[in-house]
Structure formats: C-alpha cells, structure tokens
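Report on the following structure.
The values are calculated or read from the model by the stated rules, or taken from the named source; none is laboratory data. Quantities reported herein were computed from a predicted structural model and do not represent experimental measurements. No Cβ is skipped: glycine too gets one built from the backbone with ideal geometry, and neighbour counts run over all protein chains shown.
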Amino acid sequence: SFVKFMGAAGLAAPAILTTGRAAAQDKPTIALIPGLTADGFYVTMHKGAQAAAEAVGAQLIYQGAAEWNVSLQVPILDAVIAKKPAAILIAPNDKTQMIEPLRKAHDAGIAVVCVDTFIGSGVFQTGAGDADFPISYVASDNVLGGRMAARALAAAIGEKGKVYVSNVKPGISTTDQREEGFKLEIAQHKDIEVLETQFNDDDANKAAAQFQAVLGRVPDLAGVFGANLFSAGGTANGAKQAGVAGKVKMAGFDAPESIVAQLKDGTFELTIAQHPAEIGYFGFMAAYAHATGNPVPTHIGTGFTVMTAANIDDPNVSRYLYKS
Ligand code: T6T
C-alpha cells in the first residue's frame, strides 16, 4: 500500500492517510479468556492486559468461567467468538480438548494467542501438526519452574527422603510441565524418592485431604511440591491441620497474598511467583501488533521471582504478589 511504501522509504505518511478506516483498524477489540476467573493469577493477568489496552487505546473484553473445566470454557469461547474480536488471548483448560474449539476462532479469522497454557505442543506457526495456528505463546517457562522447585525442595529436605507432587489434573500444559521439570531435576538427587502424584482438580480442599491421606500412609514424608496456587495452598492447610507444617517441607508455585505469612512461619520454604501481569501485558500487545499488521514473536517468555522468608519484605520481591 501507499502507507507501507512511504514507511519503507523512511518518510512520514501524510496525516490524511492515517485517519478514517486506518484509524478504526488501529483500535481493535481483543478478548482475554482466563483459565478461570476466581484465581489471583488471572486477576493479575487481567490487570496487565488492561494496562496494555489503555496504553494503546484499544478495547479489552474479559470473560471466563468460575472453574477449571473444559465443558465450561468452551461455551465462553463460543460466546466470545460470536462477538468477533480481532484476537482472543486464552489460557486453554486442556492442551488437546481445546484444539478444535479454538480452530473455530481461527477459521472465523480471529487471531488466537495462548497465554499461560497452550494447545498442542505450544510451538506455533511452524506448519507442523494440527494445532500450530495460534500466532504466539506468552508464558512462564514451566519446565524450568518445576526444576527450580525441585532443587529448592531437595536442599530443604537435606537431599534425602520421600516427596510427592500435588497437581491439578493431567492434560494442562503448565502443570504437566512443572511436574516434568520437577521429576527431571529430582532424578539427579539419588536419595530422593518421588511418590505418586496426587491430582486435586484445582480444589484446595481435595489437596488438603490428599496430604493427610499420604501422611497417614507415609509418616516419614519429607516434602511436597504444590504445582499451582490451589495445590500449594490446599497442601499447606492439610499440613497445618495435621500439625506438621514446617516439618514436612513445602515448595509452592504461585504467589497469593496469603503466602507472605506462610513463608514467615515456615509452612513454605519458598514459592515460585510467576509474572502474570507481564503475561497479560505482552499477550495483549502481541495480539494488538498482529491486528494492526505488525509481525509478532511466536513465543514470549516471562519471568519468575523466587519468594522466601528472607526476601519477601523486599518491595522488589513483594511487588510480584498476585492481586485479588
Ligand atoms: O499456576 C497458575 C497457572 O499458571 C496454571 O496454568 C493454572 O493455575 C494457576 O492459575 C494458579 O492457580
């Protein structure tokens, strides 16, 4: 186009060409569908996306289900597709079951960006596989996060003993990868035995009950990795009720406000805070760039902050606590 040509020639486009239709296209509507709504991780991601929307003067639609459940996420996705946004940012509830529902968005000309969780392999725009159509994946490095948790937990239990992973359910890319990273790292610590994973369906009460059941069977349990907010929080409650908080060592993932007291009283050795506001901000910007004709990276990696009793009062650490 003339505007592109002028840009390539290094000249400012005449103002008249940037008004009208072009200006309307500059303000796309972009939707964010979280994994679930009642979770500080996604509340904070929403704030990041909102900040990005305000920065560029574009519209953000935010719509999600109250639980982590494919059968609840699909109708929300369908309702959002019907609103014809330029792009949908989504944390898919399952890496396989959400492929076909998301293909509907893609087929309708809506760009898909995966945030936090992915579909397929999470490697997009390669022309390979049946799930490479999302334009970008914006997330933490979850295998690395699992490895980090394993190293810290191994040190906390003196490099020996029995541990298990409290996890959500199989098929979720993030928590699957955390467990994978955890086990890869623990394999390097020969005196640590990893017991069977306990799946809690993102239900903290279930995670607490599972902790007590495992402790009943394995009284010398040394440690637990709680692979997300509800897994970690529920396991901690279970340990408290059983009177072994601080004795059975805990490595957590995610950073709700309640983690501060639990780090200080020794319930948790550490927690690995993700940076959900970054995921929301850069996820939105990737979608916005695409909607306005600019190329985007197919993967954007965001950071972690490791929180401990020793550093949690540092404002550069506590700023990564999730909002509620
Ligand atoms: O850990 C986050 C998120 O990364 C994961 O995909 C699901 O669980 C959380 O939302 C925390 O509850």
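Could you tell me whether the range 47-59 includes any residue that is assigned to a loop (DSSP other than H, G, I, E, B), surrounded by fewer than 15 Cβ atoms within 10 Å (Cβ to Cβ) and within 16 Å of the ligand (Cβ to nearest atom)? Spell out how you get there, then give the answer.
Of all residues in the range 47-59, those assigned to a loop (DSSP other than H, G, I, E, B) come to 57-58.
Retained after the next criterion (residues that are surrounded by fewer than 15 Cβ atoms within 10 Å (Cβ to Cβ)): 57.
If we keep only those that are within 16 Å of the ligand (Cβ to nearest atom) too, we end up with none.
Looking through the range 47-59, none of the residues is assigned to a loop (DSSP other than H, G, I, E, B), surrounded by fewer than 15 Cβ atoms within 10 Å (Cβ to Cβ) and within 16 Å of the ligand (Cβ to nearest atom).
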Residues (β-branched (Val, Ile, Thr), more than 16 Å from the ligand (Cβ to nearest atom) and either part of a helix (DSSP H, G or I) or within 14 Å of Ile272 (Cβ to Cβ) (or both)) located in the range 174-195: Ile186
Per-region count, the range 151-172, residues under 14 Å from Leu195 (Cβ atoms), of a type outside the set (Ser, Thr, Tyr), more than 12 Å from the ligand (Cβ to nearest atom) and not in a loop (DSSP other than H, G, I, E, B): 5
Filtered residues of the range 156-194 (kept if among the aliphatic types (A, V, I, L, M), surrounded by 22 or more Cβ atoms within 10 Å (Cβ to Cβ) and under 22 Å from Ser258 (Cβ atoms)): Val165, Val168
Output for the range 90-125, where each listed residue is buried (at least 24 other Cβ atoms within 10 Å of the Cβ) and touching a Cys at 6+ places or on another chain (Cβ under 8 Å): Ile90, Ala91, Pro92
Selection count, the range 195-213, where residues are within 21 Å of Asp254 (Cβ to Cβ) and surrounded by fewer than 24 Cβ atoms within 10 Å (Cβ to Cβ): 11
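Of everything in the range 251-308, what is at positive phi and surrounded by 18 or more Cβ atoms within 10 Å (Cβ to Cβ)? Give them in sequence order. Let's see the steps before the verdict.
From the range 251-308, those at positive phi are 254, 266, 293; that's our starting set.
Within the range 251-308, just Asp254 meets the criteria.
Regarding Gly120, is this residue touching a Lys or Arg at 6+ places or on another chain (Cβ under 7 Å) and part of a loop (DSSP other than H, G, I, E, B)? Explain how you work it out, then say what you get.
Details: touching a Lys or Arg at 6+ places or on another chain (Cβ under 7 Å): yes; part of a loop (DSSP other than H, G, I, E, B): yes.
Taking the combined requirement at face value, the residue satisfies it.
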Residue match in the range 66-75 (condition: of a type in the set (S, T, N, Q), outside any helix (DSSP H, G or I) and at pLDDT below 95): no
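Going residue by residue through the range 108-118, is there one that turns out to be without any contact (Cβ under 8 Å) to a residue 60 or more places away in the chain, within 13 Å of the ligand (Cβ to nearest atom) and among the hydrophobic types (A, V, I, L, M, F, W, C)?
To start, the set of residues in the range 108-118 that are without any contact (Cβ under 8 Å) to a residue 60 or more places away in the chain comprises 108-110, 112, 114, 118.
Remaining after also requiring within 13 Å of the ligand (Cβ to nearest atom): 114, 118.
With the extra rule that they be among the hydrophobic types (A, V, I, L, M, F, W, C), the set shrinks to 114, 118.
Looking through the range 108-118, at least one residue is without any contact (Cβ under 8 Å) to a residue 60 or more places away in the chain, within 13 Å of the ligand (Cβ to nearest atom) and among the hydrophobic types (A, V, I, L, M, F, W, C).
Here is a yes/no grid of residues against (1) in contact with a Lys or Arg (Cβ under 6 Å, 6 or more places away or on another chain); (2) among the hydroxyl-bearing types (Ser, Thr, Tyr); (3) modelled with pLDDT of 95 or more; (4) under 26 Å from Phe133 (Cβ atoms):
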| site | (1), (2), (3), (4) |
| --- | --- |
| Asp265 | no, no, yes, no |
| Thr292 | no, yes, yes, yes |
| Ala310 | no, no, yes, no |
| Tyr320 | no, yes, yes, no |
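Restricting to the range 286-321, give me the number of residues that are over 26 Å from Thr29 (Cα atoms) and of a type outside the set (Asp, Glu). Steps first, answer last, please.
Step one: of the range 286-321, the residues over 26 Å from Thr29 (Cα atoms) are 303-321.
Retained after the next criterion (residues that are of a type outside the set (Asp, Glu)): 303-312, 315-321.
Result for the range 286-321: 17.
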Which numbered condition Ala105 fails, given (1) over 17 Å from Lys249 (Cβ atoms); (2) within 14 Å of the ligand (Cβ to nearest atom); (3) among the small types (Gly, Ala, Ser); (4) part of a helix (DSSP H, G or I): (2)
Filtered residues of the range 76-100 (kept if in a helix (DSSP H, G or I) and either more than 23 Å from Pro276 (Cβ to Cβ) or modelled with pLDDT under 95 (or both)): Asp78, Ala79, Ile81, Ala82, Ile99, Glu100
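If a residue has to be over 20 Å from Ala156 (Cβ atoms) and part of a loop (DSSP other than H, G, I, E, B) to count, how many in the range 197-213 make the cut? Walk me through it before giving the result.
First pass over the range 197-213, keeping only residues over 20 Å from Ala156 (Cβ atoms): 199-206, 208-210, 212-213.
Retained after the next criterion (residues that are part of a loop (DSSP other than H, G, I, E, B)): 200-203.
Number of matching residues: 4.
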Hits in the range 214-252 - residues which are part of a helix (DSSP H, G or I), of a type outside the set (D, E, K, R), more than 16 Å from the ligand (Cβ to nearest atom) and touching a residue at least 12 places away in the same chain (Cβ under 8 Å): Val214, Leu215, Gly238, Ala239, Gln241
